[in-house]
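Asks: One structure, pasted below without further comment.
The values are calculated or read from the model by the stated rules, or taken from the named source; none is laboratory data. Predicted, not measured: the structure shown is a model, and the values here were computed from it. FYI the Cβ positions are ideal-geometry reconstructions off the backbone, even for glycines, and counts take in every protein chain you see. Note: areas computed on protein heavy atoms with side chains; ligands, DNA, RNA excluded. Shrake-Rupley method; radii C 1.70, N 1.55, O 1.52, S 1.80 Å.
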Amino acid sequence: MFPSSLPVPRLPDANTLPTLRWGIVGPGWIADRFASALCGHTGQQLVAVSSRSVDKAQAFADKWSVPHACGGIDALLARDDVDAVYIATPHNHHFPDGLRALQAGKHVLIEKPLALNAQQGAALQQAAQQARRLCMEAMWCDYAPKYDVIRQLLADGALGEVHSLIADHGEFFTPDHRIFNADLAGGPMLDLGSYLISFSILVGGAPERIMAQGEPAPGGVNGQTAMLFTHKGGMQSVLHTTLFSNTPGTAVIAGRDATLYLDGQFYAPGNFRLVSSDRRQTLHWEEPASRYQQLCHEINHFAWCVGQSLTDSPLRSLATSLLTLRAMDEVRRQIGVVFNEER
Ligand SMILES: NC(=O)c1ccc[n+]([C@@H]2O[C@H](COP(=O)([O-])OP(=O)(O)OC[C@H]3O[C@@H](n4cnc5c(N)ncnc54)[C@H](OP(=O)(O)O)[C@@H]3O)[C@@H](O)[C@H]2O)c1
């Protein structure tokens, strides 16, 4: 049955959230946007930042009025006034940095992907349970209003039986970007591909069969990969990611009763439309492409989880993060990509 209106996104009441004292590890590109969202759009406090260079940490601290600039992660983790740590280092640092933060007794929000592979992810899950601290993957779209509306549409059966997901995520990068660096677990998979695979699991559950083909890029990393996932009941996800070029970044979820068309970039704030299969009815989701301001939702959800004494997010559990990592492991096995840490 085609809905008469779109569901309302369910977000935590910002007035009821505990105010956590945050530390940021790795003041790079995304950390800057995270600090902007935290300072401008949440009631949370940013109290410390760490970098391998204390001067760099100080420059970030000056920009965002952070009281403490630390030379290295250990100095930040030793601080008693830090409740929660946001790990914004390159992919292959997520596991060791996240583990140290949990072992230091901090709640930890780890940039996507949670870890390099499912084995590392499972170790983080175990460490969080042992430390009784929250560990959450910063897959920011999962906490945003748009995804909550989509989750509700799928749960309500508004699309009918879903047969297909078609999505791509390609971005052009200059050769000096870390995505071309094999020593930082480069290639599109952990950066861009994790959005695709995560979305495919949100729509269809864990894939039962995976087929993938990849093409290399200079620098010894994968350059682009095409993937076909088959989910329970025969639903198929057709996914493509590349670091060579910009692609539309759209996604289409096709069901028997209706089709959902997401504008590119499908995972970022932006519009979608739900169109009935007879094309007589359409519902529109419209929001400004405010983009990184919406990092505030993962920050607020994280604070809500801590307030509820949870060690795992009900919106994006570590088990869900592990499903994404397992699927990426299998894709990499098929295209022959092995990270340095796995050799
Ligand atoms: N949520 C999103 O939309 C989004 C967007 C972009 C990236 N990300 C994720 O965030 C992570 C960081 O990406 P980014 O683009 O922000 O990277 P970036 O600009 O290169 O920043 C990474 C930071 O990590 C620190 N670092 C520690 N060890 C390092 C090493 N061996 N080599 C290089 N840097 C090291 C660096 O800080 P110091 O030099 O100061 O120590 C650097 O500033 C990635 O895992 C990526 O997947 C998420």
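Asks: So, in the stretch 4-25, exactly how many residues are surrounded by 16 or more Cβ atoms within 10 Å (Cβ to Cβ) and touching a strand residue (DSSP E or B) at 6+ places or on another chain (Cβ under 7 Å)?
Replies: 7
Asks: Residues of the stretch 132-146 being in a loop (DSSP other than H, G, I, E, B), within 16 Å of the ligand (Cβ to nearest atom) and over 9 Å from K112 (Cβ atoms), which ones?
Replies: Once the filter is applied, which keeps residues that are in a loop (DSSP other than H, G, I, E, B), within 16 Å of the ligand (Cβ to nearest atom) and over 9 Å from K112 (Cβ atoms), the stretch 132-146 yields only A144.
Asks: Does F199 count as in contact (Cβ under 8 Å) with a residue 40 or more places away in the chain, in contact with a Cys (Cβ under 9 Å, 6 or more places away or on another chain) and farther than 17 Å from R332 by Cα?
Replies: yes
Asks: Moving to a separate point now. Which residues, taken from the stretch 312-343, are among the charged types (D, E, K, R) and surrounded by fewer than 23 Cβ atoms within 10 Å (Cβ to Cβ)?
Replies: Selection gives D312, R326, D329, E330, R333, E341, E342, R343.
Asks: Quick one: G193 ticks every box in (1) in contact (Cβ under 8 Å) with a residue 40 or more places away in the chain; (2) over 30 Å from L310 (Cα atoms) bar one, so which box is it?
Replies: Checking G193 against (1) in contact (Cβ under 8 Å) with a residue 40 or more places away in the chain; (2) over 30 Å from L310 (Cα atoms), the one that fails is (2).
Asks: Which of the numbered conditions does Y267 fail, given that it passes all the others? Conditions: (1) open to solvent by less than 50 Å² (accessible area, probe 1.4 Å); (2) within 26 Å of A122 (Cβ to Cβ); (3) part of a helix (DSSP H, G or I).
Replies: Of everything listed in (1) open to solvent by less than 50 Å² (accessible area, probe 1.4 Å); (2) within 26 Å of A122 (Cβ to Cβ); (3) part of a helix (DSSP H, G or I), Y267 misses just condition (3).
Asks: Still on this structure, I have one more. Restricting to the stretch 31-72, give me the number of residues that are in a helix (DSSP H, G or I), within 14 Å of the ligand (Cβ to nearest atom) and within 22 Å of the chain's Cα centre (by Cα).
Replies: 8
Asks: Please specify each residue of the stretch 270-307 satisfying the condition of being under 22 Å from L17 (Cβ atoms), among the hydrophobic types (A, V, I, L, M, F, W, C) and open to solvent by 70 Å² or more (accessible area, probe 1.4 Å).
Replies: Correct list: W304 only.
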